[in-house]
Amino acid sequence: MTDVVTGDAVVLDVSAAAFPSRMAARLLDMVVQLIVLTVSLVLIFKAAGTVSQDATLAIITVVLVLVIVGYPTVFETLSRGKTLGKMALGLRVVADDGSAVRFRQALIRALAGIFEIWSLVLAPVALITSMVSEKGKRLGDMFAGTYVIQERLPQRRNLPPEFAVVPPPLAGWAMQLELSGLSDRDAEAAGNYLRRFYDLRPAARDALGLQIAATVAAQVGPPPPPGTPPVAFLTAVLAVRRDHELARLSAQQATPWTGSAPPQQPVTPAPQQPATPPPQQPATPPPQEPLTPPQPGGHAPPR
């Protein structure tokens, strides 16, 4: 698998085509080209008596260019990266950023193919380059900024029913299972093992199960109960992981939409209530003057 970032900044996981698939598609295209070329040359030589030798050579040159260069260029441009051979094998040529191949890129690949595919000198170089490249690129792909992907993959089998749920003896342990450290690659390996469980021979099945279970156990916690078979352990881990993913997707769907707000309806203002005055703090009484006793002999107030 390889990550492709499209022009819309969307990360895609696509599978680069395997070398045997690319080679088979190339051979099918060469068979088609050789058939067209043979039929065209037969017709040209039949009509050679009616035209000059120079005209015949010119026609042969044009036919060679159209068949060798025009065939892949036209097909890959019009079908967005496919020739007849690639259609048969489920392959497609794409740009390095995941976008559809353009005419210029298809033409560069076709011109490089003259020396890589039809020439005995550079054919071994193209073969070695395609085998050692991470994305299976031949020289024409390197020049054009393209590579071939496996567009049509075989349908993956479903898990057997007994491997789709947590085994009852592990139900309590599965409730406290922590899966944040489990990588997608190891989870996929465990799923493939369970899908092919009944196709494997017992010795290979046990050895592979122990190996995958040890890898998965190092990434999850807590450890399974002592004596847990690898197949039961992997079944529980994948079932809990699937339940977590379903719960996460359900939570995302239940989250209110936070995009642009819909147009708001006019709101009738509510009648205003009189403002409640804030509670008054009790006034601090002013400091009192000390009382002066009446002087003797003064005027006494009436009683």
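Any read-out appearing in this document is the output of simple, stated calculations on the displayed coordinates, not a laboratory observation. This one's a predicted model, so the numbers in the text were calculated from it and none came from an experiment. Cβ: placed from backbone, ideal geometry, glycine included. Neighbour counts: every protein chain shown.
Quick check: the distance between the Cα centres of segment 183-238 and segment 75-93, to the nearest angstrom? Going from one Cα centre to the other spans 39 Å. Once backbone amide H atoms are built at 1.01 Å from N, G221 has E178 as its partners under 5 Å, excluding neighbours fewer than 5 places away on the same chain. Once the Cα-Cα distance is subtracted from the 0.36 nm per residue extended length, the D96 to T61 segment shows a gain of 9.3 nm. Applying the Karplus relation 6.51 cos²θ - 1.76 cosθ + 1.60 with θ = phi - 60° to segment 64-70 yields 3J(HN,Hα) values of 4, 5, 5, 6, 7, 9, x Hz, where x marks Gly and Pro. The listed peptides 86-98, 33-45, ordered by packing as a protection proxy, come out as 86-98, 33-45 (highest mean of other Cβ atoms within 10 Å first).
For segment 161-172, putting each phi into the Karplus relation 6.51 cos²θ - 1.76 cosθ + 1.60 with θ = phi - 60° gives couplings of x, 6, 9, 9, 10, 5, x, x, x, 9, 4, x Hz, in residue order, rounded to whole numbers and with x for Gly and Pro.
Each residue, D54 and A204, gets one label point 7 Å from its Cα in the Cβ direction; the gap between the two is 6.7 nm. Annotation: lysines with alpha-carbon distance below 23 angstrom to K86 (same-chain offsets under eight excluded): K135, K137. Can you tell me how segment 51-189 classifies by the Cα gyration tensor, rounded, prolate or oblate, using a/c under 1.5 as the rounded cut? It comes out prolate by the Cα gyration axes. Computed from backbone phi with θ = phi - 60° and the Karplus coefficients 6.51, -1.76 and 1.60, the 3J(HN,Hα) list for segment 73-79 is 5, 5, 5, 5, 6, 6, 9 Hz; x is used for glycine and proline. Note: segment 161-250, Cα convex hull, 99 Å³ per residue. Stretched out straight at 0.36 nm per residue, the stretch from E162 to R195 would grow longer than its current Cα-Cα span by 10.8 nm. Descending by average beta-carbon neighbour count within 10 Å, the peptides 46-53, 77-84 line up as 77-84, 46-53, the highest first. Near the amide H of R92, within less than 5 Å, lie the amide hydrogens of I149, E151, all on another chain or at least 5 residues away, with H placed in the peptide plane. The simple Förster model, with R0 at 25 Å and r as the Cβ-Cβ distance, assigns L246 and M23 a FRET efficiency of 0.05. Note on M142 and L43: the model spin-label points, each 7 Å out from Cα along the C-beta direction, lie 3.9 nm apart.
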